[in-house]
Amino acid sequence: MTDADQVREQSRNDAVEAALGKLDLDTKTRLLAGRDMWSLPAVPAIGLESLVMSDGPIGVRGVRWTADDPSIALPSPTALAAAWDPELARRAGRLLAQEARRKGVHVLLAPTVNLHRSPLGGRHFECYSEDPYLTGAIGSGYVNGVQDGGVGTTVKHYVGNDAETDRFTVDSVIAPRPLRELYLAPFEAIVANAHPWGIMTAYNQVNGTTMTEHQYLVNEVLRAEWGFDGCNVSDWMAARSTTGDIRGGMDVAMPGPTTVYGPALAEAVRAGEVPESAVDEAVRNVLRLAARVGVLEGAPAAVESAPAPIDGQALARELAARGFVLVRNEGALPLDATAGRTVALAGAAARDARVLGGGSATVFPERIVSPLDGLTAALPDGALTFSVGADPSDELTPAGQGFELHAVCRDASGAVLGEGGLPSGQVQWIGDDLPAGVTYETMASIEVRGTFVPRESGRHAFGTRGLGAFALAVGGESLWSGVQEMGNEADPFEAFFGAPNERARVTLTEGEPVEVSLTFQVPDMTALPLRAIMFSLLHLGPRRDADELIAEAVAAAREADTAVVVVATTERLESEGFDRQNLTLPGRQDDLVRAVAAVNPNTVVVVNAGSPVELPWREDVAAVLLTWFPGQEGGAALADVLLGDAEPGGRLPTTWPARFSDAPVTEVVPTDGRLEYREGLFIGYRAYEKHGVTPAYPFGHGLGYTEWTYESLEATADTVRVRLTNTGARPGREVVQVYLAPAQDTAERPASWLAAFAGVVASPGESVETEIPLPARAFEIWDEEARGWRRIGGAYEVRVSHSHGDTRLTATLDIA
Ligand code: BGC
């Protein structure tokens, strides 16, 4: 911190104390509870504006859950981590700060730094890596970037929220060493390296205590031991105990207006159950956050003026290519773009791209460049054909492509109160975010209505998601009315993540518009803690015969020089709110790849999934490119990479198993409420190595378009110096990975682990030297008895590697 920064911090702290001194108990406790879904109350008497928060992590959705308020959508966090470049993550963060400022958001609910413990984890796509060091490095870059722009972050979900099943109640049972060495490690690194202004405590319990009430992990570890001085915000609806939460160091209960804080907390103080000093401490943390982001009058903001503008579209495109991981290339890529060469593109996701994962990470980009769009723009006329080949979405999804919809809100007499635009069939109005003229008190029904122009002739299915009474009509004909009751799951987000329900099928003709209408009866919401309207009109186009679709794609592939097949997961597989059950690609996509590869030796498979899937045909195709959820510019970046305008820059941030059963952790369903992390320290590559299992593609793996020769390595206990040469024909970037392997282990550690990494760039023929600091922590283990870190001396092999499975140079180190 510079002297000037110190002066500003002092002045900020003085302003915080002065403001705190002016507040009475009721105002203080009110300030610790959400005013609504996304903000805290303003307190004009002390010059405090309302503090506004928003998800995160690939964009900034803003306070409205709708596409009329679009956001730049960057690639999924797995993709960002795949770039192995904290500086790039920082640039992503800066763009997000710019987006936040544009939308009046002060705190971004991100990054998600839980670990890839099991590939089944529903939010795997939203987390960075199976490795705590890589996660901490990318997370630090991201937080630094967002905060460079004067916007706060809440690093989440602290801690042990590595899967989704029963996430509100599950007890993650984690022994001290894995808790410290794996799951807490990224949070600790980010606190040390990026000084985050906020943290979000998770829904789950850790070792028997709910995280929002975890005195040990919050007050003792996070605050006292690590020196975190930010604000602790509960995950949405995670706060469940007034006294437990305030004692557990939870500052803010979100969302509001009805929470365990506010009047209930004031009451607890008056009853002598909670000391007022605990409330003051929490308010101080909120005011400090407000001061940092510039909404507390008289306190200098951490960043006074907005940094230089960033081109979001260009960055989204660059980031996507930097995260693409080329895991196999038998000379097929980059494509030979000589005139007259042809490409046969196949796969439903090539046209309807999956650019982001589901749940709270959803944002609504202004545009989406699909692989079909990207390749159409990049290839000469006539060079590209497209066929669906296989369509994995056999479930209804919110009415989107071909629909023009709006919402009509009526009162009990049927009179129209107001109307609102709808980007899709998904209605998501939270808190006061209602169309003009409409209130919860007056609104009795909402009709989603408009037209649909089918892209294909045939039987179209229509359906609903959400709880309550509905009536559906298509083409003026009433097709279904009924009530959807709450299932057994009792997840408050059921209306959001719940299963789709098909209600009717109608025969429609391509290009002929038809009227559609879904009416929802608004239930009485007076007793609910959070008022929100969530339901969807769903649609699914005609299902064509699967064999016929494959045959079409095969016929096109046979005629083309190159076949590009895009395979994908669906929204019902990868999302917040639930876990996956296996890693197979849905539908007939594996059959499609095999059939195309059988007729075209230049078959390139593009895998559009946020997390690992099985690729049983991977040895039978010419190239496999993982594009994750590539964000809004994904298709443009895909064209850049396929045609060689950019190299695929990514390295795997997580091991890809050959088959699901090889994954180290295959169970994410708690038993009697407990999810025991029995594997201890052995997740990811640490486990594959221990069990002698060869993955499909190892951690750190990824091919660029050039070759690297590693020439020399010098290692000391503090630093590794590596010299390497770009011996290929193109410029490129190499990620130099440093692993440590103890010669003899007395500490029951993994056989090897990532200690450090650095990216280097070089032109063809150019040699570069990089000096990579070795963090002291790389030699340490957590000693629970001593309650501290213990350095383990002895001989280590230092491995300088292209991936965990491809070591290029080694040296021996003797550590005292
Ligand atoms: C998620 C958080 C998110 C919050 C607000 C929760 O369900 O777990 O990650 O920030 O909702 O959308």
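With a ≥ b ≥ c taken as the square roots of the eigenvalues of the C-alpha gyration tensor of region 207-255, please select rounded if a/c is under 1.5 and otherwise prolate if a/b is larger than b/c or oblate if it is not? Oblate is the answer for region 207-255, as a/c is 1.5 or above yet b/c matches or exceeds a/b. What percent do you get for the relative contact order of region 208-325 when only Cα pairs under 8 Å and 6+ apart count? Relative contact order, region 208-325: 20 percent. Using a cut-off of under 15 Å, list every residue of region 157-189 whose amide N is near the label point 7 Å from the Cα of Glu785 along the Cα-to-beta-carbon line. Answer for this model: 177. Full extension of the chain between Thr719 and Asn13 gives 250.3 nm of extra length, using 0.36 nm per residue less the Cα-Cα distance. By a 1.4 Å probe calculation restricted to protein chains, Thr439 has an accessible surface near 50 Å², given to the nearest 10.
Express the carbon and sulfur contribution to the solvent-accessible surface of the chain as a percent, rounded to the nearest whole number, probe 1.4 angstrom.
Carbon-and-sulfur percentage of accessible area, whole number: 48.
Just the number, please: Stokes-Einstein D of region 3-293 in µm²/s, Kirkwood Rh from C-alpha pairs, 4 °C, 1.567 mPa s. In µm²/s, the coefficient rounds to 69. Working note: Cα atoms of region 33-130, range along each principal axis, descending, whole Å: 48, 28, 25. For region 397-540, averaging the sequence separation of C-alpha pairs within contact (under 8 Å, six or more residues apart) and dividing by the residue count gives a relative contact order of 35 percent.
Given 25 °C and 0.890 mPa s, compute D for region 210-344 with the Stokes-Einstein relation, Rh being the Kirkwood radius over Cα pairs; round to the nearest whole µm²/s.
127
Of the residues Gly139, Ala92, Ser129, the one whose Cα sits farthest toward the positive end of the charge dipole of region 91-151, with +1 on the Cβ of Lys and Arg and -1 on the Cβ of Asp and Glu, is Ala92. Projected onto their three principal axes, the Cα atoms of region 603-713 cover extents of 53, 41, 26 Å, largest first.
In the distance distribution for region 706-815, Cα-Cα pairs more than 19 Å apart total 46 percent.
Ordering Leu652, Ala636, Ile772 by the projection of their Cα atoms onto the charge dipole of the chain, which places +1 on the Cβ of Lys and Arg and -1 on the Cβ of Asp and Glu, puts Ile772 at the extreme positive end. Counting Cα-Cα pairs of region 529-680 in 10 Å increments starting at 0 gives whole-percent bin shares of 9, 30, 33, 19, 8, 1, 0. Which values of log₁₀ I(q)/I(0), to two decimal places, follow from the Debye formula for region 158-244 at q = 0.18, 0.20, 0.21, 0.24 Å⁻¹ with a uniform point scatterer at every Cα? Reported log10 I(q)/I(0), two decimals: -0.75, -0.94, -1.03, -1.33. Here, region 97-213 has an Rg and a Dmax of 14.0, 43 Å when only alpha carbons are counted. About the centre of its Cα atoms, the chain shows a dipole size close to 340 debye [charges on the beta carbon of Lys, Arg (+1) and Asp, Glu (-1) only; nearest 20 debye].
Taking label points 7 Å from Cα along the Cα-to-Cβ direction, Ala658 and Glu330 give a separation of 1.7 nm.
Put the Cα centre of region 97-151 next to the Cα centre of region 574-619 and the gap is 27 Å. In this structure Ser71 has an accessible area near 10 Å², from a 1.4 Å probe over the protein heavy atoms.
Take Asp311: with every protein chain present and a 1.4 Å probe, its accessible area is about 100 Å². Once backbone amide H atoms are built at 1.01 Å from N, Leu405 has Leu422 as its partners under 5 Å, excluding neighbours fewer than 5 places away on the same chain. Here the contact order of the chain, divided by its residue count and restricted to Cα pairs under 8 Å and six or more residues apart, works out to 16 percent. Using the Cβ of Glu330 as centre and a radius below 12 Å, the other residues enclosed give a net charge of 0, where K and R count +1 and D and E count -1.
The convex hull drawn around the Cα atoms of the chain, when projected onto a plane and averaged over every direction, covers 34.5 nm².
Dimensions of region 397-540 based on its C-alpha atoms, expressed as ranges along the principal axes with the largest first, amount to 45, 36, 23 Å. Near Glu502: Cβ cut-off under 13 Å, other residues only, Lys/Arg at +1 and Asp/Glu at -1. The net charge is +3.
With a 1.4 Å probe rolled over the protein heavy atoms of all chains, the accessible area of Lys103, Lys690, Lys22 falls in the order Lys22, Lys690, Lys103, largest first. Measuring between their Cα centroids, region 1-69 and region 721-785 lie 41 Å from each other. Put a dot 7 Å past the Cα of Ala271, heading toward its Cβ, do the same for Thr509, and the two dots end up 6.9 nm apart.
Only Lys, Arg, Asp and Glu carry charge here, each on its Cβ (+1 for the first two, -1 for the last two); on that basis region 3-293 has a dipole of about 520 debye about its Cα centre.
The values are calculated or read from the model by the stated rules, or taken from the named source; none is laboratory data. None of the values given here were measured: they were computed from a predicted structure. We place every Cβ from the backbone using ideal geometry, glycine too, and count neighbours over all the protein chains shown. The protein model used for the area step is the full one, side chains on, heavy atoms only, and it has no ligands, DNA or RNA in it. Shrake-Rupley method; radii C 1.70, N 1.55, O 1.52, S 1.80 Å.
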